[in-house]
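Worksheet: one structure, shown below.
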Amino acid sequence: MYHTEYLISDLALASYSIPSFVLTDLSLLSPVLETHPPSAIITHADFLPNLLELIYDSHDNDRHTVLVVGDIDTKKFSRTEKLKVLKWEDVERIGAQGDKPPISTPSKHHYLRCCPREPILSSDPQDVFTVSFFLTPSGDLQGTQLTHENLTAGVAGTRALLPLSSAMSPLDTIVSAFSLNTSYGRVIAYTAVYEGTNFATTMSTRLITPEGSEILQ
Amino acid sequence: MRSSSQFTDATSTLLSDLLSINSLPIPSPTLLFIKPTHLSALTTSVLEEARKSSILYSLAWRHKLAAILEGFMTKQSLWDRLVFDGARVKVMGKGAGTVRGVVVSGGAL
């Protein structure tokens, strides 16, 4: 379970105010690709063949960048003329070596940062940083916009679930049965990050199985 | 083979889902954020294990239920030591000693 990569990507996109889309179910991928085409897709290597098929079927003229976590089985795919496929580890390594551009911090006040290389928009806690797509009971696609405030409130609420006398601490280990693709699952993960606990999710939360082609309920 | 009617395939799937954590290289879980189905699978398994392994189960269950109805919720009563602790350890492994809080959400309990 690649939680580290998920959290790092999420935090990176959020801190640079780049909106992200999250899917709670793999069956939502094709509708979302058609209606809200993203500039880049982060996926796991097990799902790569299916993803490439979907992209070729839906958008022939848009250039996507695909960021892949995990080891790519090069035997299984070959056509990459229209797509840029990058490995997550390579991107992380290059980013860690280079100069870090200033990060916008959520703040209601604009203030000068020392040595900015380019103008950075300071983001508001009420800015939307992600859209979570899910299926309604009737089968329609719906999206929820989440702001920085929403997630912070979620973490604060989750911490408050335990009494002060036995609050969370770095000695704890949190096990979650909620997928990181759901808002609640994400909130639990961030609570674990905030409190410094160990964290794991159960096997049922996985969206992508090693077979690659199955779409989990 | 399990003979009780309460122990279904769904229960064992959910239980093994929860216990899959034990194979990961992290310390034993202390806080569980789970769904109502997971919780009922866990409680059913523990009670079933207790029923199978101890003659005193019905007595222990009656006392435990009476205590809970009075408002005493504890893992350290006499009946826990005699009957339920062993069942918990058999079902949850190391987690029986380390889990200190369970948060349930995602449906009716």
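The values are calculated or read from the model by the stated rules, or taken from the named source; none is laboratory data. In this text, all values refer to a predicted model and were calculated from it rather than measured experimentally. Heads up, the Cβs are rebuilt from the backbone with ideal geometry, glycines too, and the neighbour counts pull from every protein chain shown.
Some observations on this one:
- All of A:Glu214, A:Glu118 fail the test of being modelled with pLDDT under 90 and either among the hydroxyl-bearing types (Ser, Thr, Tyr) or closer than 18 Å to A:Ile18 by Cα (or both), apart from A:Glu118.
- Subset of the range A:193-206 (residues that are more than 16 Å from the chain's Cα centre (by Cα), assigned to a helix (DSSP H, G or I) and more than 9 Å from chain B (Cβ to nearest Cβ)): A:Tyr194, A:Glu195
- Residue check for A:Thr158: in contact with a strand residue (DSSP E or B) (Cβ under 7 Å, 6 or more places away or on another chain), closer than 25 Å to A:Thr4 by Cα and of a type outside the set (Lys, Arg): no
- Looking only at the range A:133-166, and only at residues there that are closer than 21 Å to A:Leu23 by Cα and within 14 Å of another protein chain (Cβ to nearest Cβ), the one that is surrounded by the fewest Cβ atoms within 10 Å (Cβ to Cβ): A:Pro137
- Some residue of the range A:17-24 being touching a residue at least 60 places away in the same chain (Cβ under 8 Å) and part of a helix (DSSP H, G or I): no
- Residue pairs whose Cβ atoms lie under 7 Å apart, sitting 6 or more positions apart in sequence or on different chains, and linking a residue in the range A:147-168 that is under 17 Å from A:Ser132 (Cβ atoms) to a partner that is exposed (fewer than 12 other Cβ atoms within 10 Å of the Cβ), are A:Thr147/A:Gln126; A:Glu149/A:Gln126.
- Which numbered condition A:Asp90 fails, given (1) at pLDDT 80 or above; (2) exposed (fewer than 14 other Cβ atoms within 10 Å of the Cβ); (3) assigned to a loop (DSSP other than H, G, I, E, B): (3)
- Unique residue being crowded, with 19+ Cβ neighbours inside 10 Å, at the interface with another protein chain (Cβ under 10 Å from one of its Cβ atoms) and part of a strand (DSSP E or B) when the list is B:Leu14, B:Leu18, B:Leu32: B:Leu32
- Output for the range A:172-183, where each listed residue is under 19 Å from A:Thr4 (Cβ atoms) and not in a loop (DSSP other than H, G, I, E, B): A:Thr173, A:Ile174, A:Val175, A:Ser176
- For A:Ser169: the one exception among (1) assigned to a helix (DSSP H, G or I); (2) more than 7 Å from every other protein chain (Cβ to nearest Cβ); (3) not aliphatic (A, V, I, L, M): (1)
- Exclusive hit being loosely packed, with under 11 Cβ neighbours inside 10 Å and part of a helix (DSSP H, G or I), set B:Leu59, B:Leu82, B:Leu69: B:Leu69
- Which listed residue, of B:Leu39, B:Leu47, is closer than 21 Å to A:Pro163 by Cα and assigned to a helix (DSSP H, G or I): B:Leu39
- Residue match in the range B:43-61 (condition: of a type outside the set (D, E, K, R) and within 14 Å of chain A (Cβ to nearest Cβ)): no
- The sole residue among B:Ile55, B:Ile68 that is among the β-branched types (Val, Ile, Thr) and under 27 Å from A:Thr158 (Cβ atoms) is B:Ile68.
- Selection count, the range B:34-68, where residues are over 15 Å from the mean Cα position of the chain (by Cα) and under 27 Å from B:Asp9 (Cβ atoms): 2
- From the options B:Ser58, B:Ser77, B:Ser23, B:Ser105, residue that is closer than 30 Å to A:Tyr184 by Cα and free of Cβ contacts under 8 Å to residues at least 24 places away in the same chain: B:Ser23
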